[in-house]
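Shown next, in C-alpha cells, is the structure this report addresses.
The values are calculated or read from the model by the stated rules, or taken from the named source; none is laboratory data. Owing to the predicted nature of the structure, the values given are computational and were not obtained by experimental measurement. Reconstructed Cβ throughout: ideal geometry from the backbone, glycine too, with neighbour counts over all protein chains shown.
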C-alpha cells in the first residue's frame, strides 16, 4: 500500500543531510539505492492501483480501517525494506573500505 514511503522519507532526510556525512561512508551509494528502490516501488504501486493521481493519492486512506492497515504495513514492510537496504549498503562500504586500504600502494622510504 504505502510501504515505499518509509524508504522515501529516509531518502529525503539523507539527501538533505548528505553534505555533513564524511566521504568515507559513501553516503551517495545509499542515496542512490534508496531513491532507486522508492522509484521502483512507486511505479509498482501505481501500476497495481494502490497509488492514484487524485486525492488522497493512496487508496488505503479512503477508509479509516484501511488507514490502520496501511500504517501497520509501513511499519513492518517499509521498515524491513529500509533495514535491508541499509544493511546491504553497510556491507558494501565495509568491503570497499577494507579492500581499498589493501590495494593502496605503500610508500617506501
- Any residue in segment 42-58 that's modelled with pLDDT of 90 or more: show its pairings with residues that are not in a loop (DSSP other than H, G, I, E, B) at Cβ separation under 6 Å, as long as the two are six or more apart or on different chains. 45/51
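Return yes when residue 60 is surrounded by 11 or more Cβ atoms within 10 Å (Cβ to Cβ) and under 11 Å from the mean Cα position of the chain (by Cα) and no when it is not. Outline the logic, then answer.
Values: surrounded by 11 or more Cβ atoms within 10 Å (Cβ to Cβ): yes; under 11 Å from the mean Cα position of the chain (by Cα): no.
No, not satisfied.
Considering only segment 68-77, I want to know if a residue exists there that is touching a strand residue (DSSP E or B) at 6+ places or on another chain (Cβ under 6 Å) and at pLDDT below 95. Steps first, answer last, please.
Of all residues in segment 68-77, those touching a strand residue (DSSP E or B) at 6+ places or on another chain (Cβ under 6 Å) come to none.
No.
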- Note on the structure: Note on residue 33: of the conditions (1) in contact (Cβ under 8 Å) with a residue 40 or more places away in the chain; (2) in contact with a strand residue (DSSP E or B) (Cβ under 8 Å, 6 or more places away or on another chain), unmet is (2)
